[in-house]
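Q: Please see the structure below; I have some questions.
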Amino acid sequence: MNICYLTGEKINESNKSLEHIIPNALGGVLTHRYVLTHDSNQKLNIDIDEEFNSIFESAHQRLALKKDRGKLGGIKAFHRDFGKDIIVRNGKCYPIEPFFDSKTNAVYAKDNKTGVNFSKYIAKKENLDAGLIKVVTDMTGQFEVKFGFDNSLFKKGLAKIAAGFATYCGVSRDNLCGIIDLKNNKFKDDILIAPYLPTTNEESYFEENVHNSNYYAIHSLVLSGNSKDKLLYCYVELFSTYQFFIILNENYEGDDIYEKYFHSLSENALFDYSAYKNSIPNADGLSKLLPDEYRKYPKYYIQSMSNNLVSDLDLVRAYAHFKMNTLYSYINYINIKAKLNY
């Protein structure tokens, strides 16, 4: 169709623009040149992408993801264990200012030279033997980026991914009326999203152990349109952690559609759901008990997931907290392995 989903303009050779459906800054590799005009792409990059991407920077920095363009820049985060502001860059994190921890008798610094010099300073100040002070240039443990997740910008960022994937799959702009203000050519402020929660013991087991999969962590997208339910939605999963259904149209009258996309960040490769179901070690028979189709659900299920934001918010938060802790524990693990040359 070659129509810009934001403005409805026809896209041609003069105004086309390369768009990463999942942002390049997050390791996204799925691209298309005919979903947004150049001007729309630039506008959304400023209005949505820059702030949305910053939510996930601590994850993609520590994973040291391969990107199509550009270098990894450092970002500020907060280290929970030490209560220090840190920089996360190229798979490691270090303090903005060097500091001495008396419990471990170690100086933490951005590089060895800075650490050695600060060790001499501490030794002189505290009357210690500088030769016995360890220098640490990468801080493991829990850290977080200071950013709120329950906000309109977060929803718009997810909706932008959903709009791009739906357009990539051939969905018309008119059928994106749940997320796009078609008259004013902008994303809506009242976008409806529903968090994913496992509904069976088998799904729960899979999500609790998915970090053991050789594909972990993944980005995945599912587009599902059901003419009987009159529902069109896109499921967006980032880093195997942030899992949401974005409602594109609650009065969908188009053809039934089901499209899916899986990208392994650890393998930097595409894969399919069948392989994913069978990727949990020591879980014989699990794949046969999981749904035949990934994140394809009837309307009542999506509605119940949306209702959980009101009726069972504590459960939603607990699951989200578990998934984030799993991701950051995994990131710490692979970085420690790298340092030990396993």
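The values are calculated or read from the model by the stated rules, or taken from the named source; none is laboratory data. None of the values given here were measured: they were computed from a predicted structure. Every residue, glycine as well, gets a Cβ built from its backbone with ideal geometry; the counts of neighbours run over all protein chains shown.
Q: Could you name every one of the helices (runs of 4 or more DSSP H) located completely within region 1-68 that has at least 2 residues being modelled with pLDDT of 95 or more and of a type outside the set (A, V, I, L, M)?
A: 38-44
Q: Mind listing just one residue for me: the one in region 282-332 that is of a type outside the set (D, E, K, R) and touching a Leu at 6+ places or on another chain (Cβ under 8 Å) and, of those, farthest from ASP190 (Cα to Cα)?
A: ILE331
Q: What are the pairs with Cβ atoms under 8 angstrom where one residue, in region 285-313, is over 15 Å from LEU223 (Cα atoms) and the other, located anywhere, is part of a helix (DSSP H, G or I) and modelled with pLDDT under 90? Sequence gap at least six, or different chains.
A: From region 285-313, the pairs are ASN308/LEU315; ASN308/VAL316; LEU309/VAL316.
Q: Take the conditions part of a helix (DSSP H, G or I), without any contact (Cβ under 8 Å) to a residue 60 or more places away in the chain and surrounded by fewer than 19 Cβ atoms within 10 Å (Cβ to Cβ) and apply them to ASP174. Does it pass?
A: yes
Q: Within region 140-159, is there a residue that is at negative phi, touching a helix residue (DSSP H, G or I) at 6+ places or on another chain (Cβ under 7 Å) and at pLDDT 95 or above?
A: There is at least one residue in region 140-159 that is at negative phi, touching a helix residue (DSSP H, G or I) at 6+ places or on another chain (Cβ under 7 Å) and at pLDDT 95 or above.
Q: Identify the residue in region 100-128 that is among the acidic types (Asp, Glu) and closer than 22 Å to ILE87 by Cα and, among all such residues, is surrounded by the most Cβ atoms within 10 Å (Cβ to Cβ).
A: Pass one, region 100-128, residues among the acidic types (Asp, Glu): 101, 111, 126.
The next check asks that each one be closer than 22 Å to ILE87 by Cα; those that pass are 101, 111.
Values: ASP101: 15, ASP111: 11.
That would be ASP101.
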